[in-house]
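The values are calculated or read from the model by the stated rules, or taken from the named source; none is laboratory data. Keep in mind the model is a prediction, meaning the values are calculated, not measured. Using ideal geometry, Cβ is built from the backbone for each residue, glycine included, and neighbour counts are taken over all protein chains shown. To get the accessible areas, we keep the full protein, side chains included, count just its heavy atoms, and leave off ligands, DNA and RNA. Shrake-Rupley method; radii C 1.70, N 1.55, O 1.52, S 1.80 Å.
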Amino acid sequence: MKHFSLQDILDAEQGFRRDFINCLSGYKSLNLIGTFNQETKVTNVAPFSQVFHIGANPPLIGVLFRPHSVERHTLENVLQNKCFTLNHVTASFYKAAHQCSARWKNSEFEATGLKEEYKDDFKAPYVSGSPLKIGCSLADHITLSINETVLIIGKIEHVYVEEKALGEDGFIDLDKLGTVTSSGIDAYHVGKRLGRLAYAKPDKPVKEI
């Protein structure tokens with residue numbers, strides 16, 4: 001195996017270091033975050049791979065943003081309007097989702113051909129065609145002192161999921177949804193489940209469920 005010390009990483013060319021470090025955590029979730037600007041009335045949709053579970057009671061989800069040292073439309077919209085949506089991406093529109101990361105002057109919905117969708121009087125737009133959509137209100141935000149990244153904590157207010165993927169036990173089969181995952185900063189994958197395993201106990205063998 002090739003070894004990299006901390007100094008090797010710090011001495012590496014910037015592009016190599018960015019791609020290398022972004023790959024280390026493995027496969028990541030991929031969501032399009034939908035927001036709007038209350039002043040300009042322009043909607044915004046952007047891809048995020050730093051989205052993660054925080055808690056189930058109350059239902060909370062975290063999103064990590066890069067430092068707010070330049071304009072961050074999604075972050076600014078969330079802080080302004082106190083709400084946002086998370087939308088799973090599928091193979092049918094992952095290229096459009098990727099293109100949303102470009103610096104468009106108008107709405108990314110207009111620029112990429114993705115369609116806005118509104119449900120139950122929720123202010124932020126969902127992405128039409130996404131098989132799993134989540135409406136979140138802003139619960140908290142924290143700027144991390146170590147590198148100035150911003151952690152947004154959303155409280156889950158609404159979930160819309162295709163019924164074919166929802167099990168009686170609450171398990172959501174992402175294979176059936178066709179949810180796309182990502183690695184690094186520009187690679188996209190479709191997952192394949194190996195199996196589900198029962199809750200691990202020291203006195204019982206591993207069991208598939």
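Per-residue ellipticity at 222 nm for the chain, helices alone: DSSP H runs ≥ 4 residues times -39500 (n - 2.57), over residue total, nearest 500 deg cm²/dmol?
On the way: 6 runs with 40 residues, N = 209.
After summing the helix terms and dividing by the residues of the chain, the value is -4500 deg cm²/dmol.
Counting only C-alpha contacts under 8 Å and six or more residues apart, can you give the relative contact order of region 1-139 as a whole percent? All intermediate terms of the calculation are to be shown ahead of the outcome.
Values: 204 pairs, mean separation 34.7, N = 139.
RCO, region 1-139: 25 percent.
Just in region 108-209: which GluC sites (Glu not before Pro) are loop by DSSP and have at most 16 other Cβ atoms within 10 Å?
Those that pass, being in a loop and sparsely packed, are 148, 162, 168.
Would you please put 33-43, 128-138 in order of how densely packed they are, using the mean number of other Cβ atoms within 10 angstrom per residue and starting with the highest? Display every interim value, and only then the final one.
On the way: 33-43: 17.3, 128-138: 20.2.
Those peptides, ordered most packed to least, come out 128-138, 33-43.
Provide the FRET efficiency to the nearest 0.05 for the residue 169-residue 11 pair, computing r from the beta carbons and using R0 = 45 Å. Walk me through the numbers before you get to the answer.
On the way: r = 49 Å, r/R0 = 1.10.
The formula returns an efficiency of 0.35 here.
Expressed as a whole number of Å, what is the distance separating the alpha-carbon centroids of region 23-43 and region 77-118?
Spelled out, the Cα-based centre of one part sits 7 Å from the other.
Using Cα positions and a limit of under 21 Å, work out the lysines in reach of residue 164, with same-chain residues fewer than 8 apart set aside.
119, 133, 176, 192
Counting pairs of alpha carbon atoms under 8 Å apart in space and at least six apart in sequence, what relative contact order in percent does region 66-209 give? Before the final figure, lay out each step's value.
Working: 198 pairs, mean separation 30.7, N = 144.
Relative contact order of region 66-209: 21 percent.
Residue separation times 0.36 nm, minus the C-alpha to C-alpha distance between residue 145 and residue 60: what's the value? Let's see the in-between values first.
On the way: separation 85, 0.36 × 85 = 30.60 nm, distance 2.20 nm.
Here the answer is 28.4 nm.
Can you spot the lysines whose alpha carbon is less than 18 Å from residue 95's alpha carbon? Ignore those fewer than 8 places along the same chain.
List returned: 28, 115.
Heavy-atom accessible area per residue, the chain, 1.4 Å probe: how many Å²? Walk me through the numbers before you get to the answer.
Values: 13250 Å² over 209 residues.
Averaged over the residues of the chain, the accessible area is 63 Å².
Can you find, among 74, 137, 93, the residue farthest towards the positive end of the dipole of region 1-157? Put +1 on the C-beta of Lys and Arg, -1 on that of Asp and Glu.
Toward the positive end, the furthest listed residue is 93.
Taking only the alpha-carbon atoms of the chain, what semi-axes of the equivalent ellipsoid follow from 5 times the gyration tensor eigenvalues under a square root, in whole Å, largest first? Intermediate values should be presented prior to the final figure.
On the way: eigenvalues 151, 131, 64 Å².
Taking √(5λ) for each Cα gyration eigenvalue gives 27, 26, 18 Å.
Where the accessible area of the chain is counted over protein heavy atoms with a 1.4 Å probe, how much of it, in %, is carbon and sulfur? Please report the intermediate quantities before stating the final value.
On the way: 7090 of 13250 Å².
That share works out to 54 percent.
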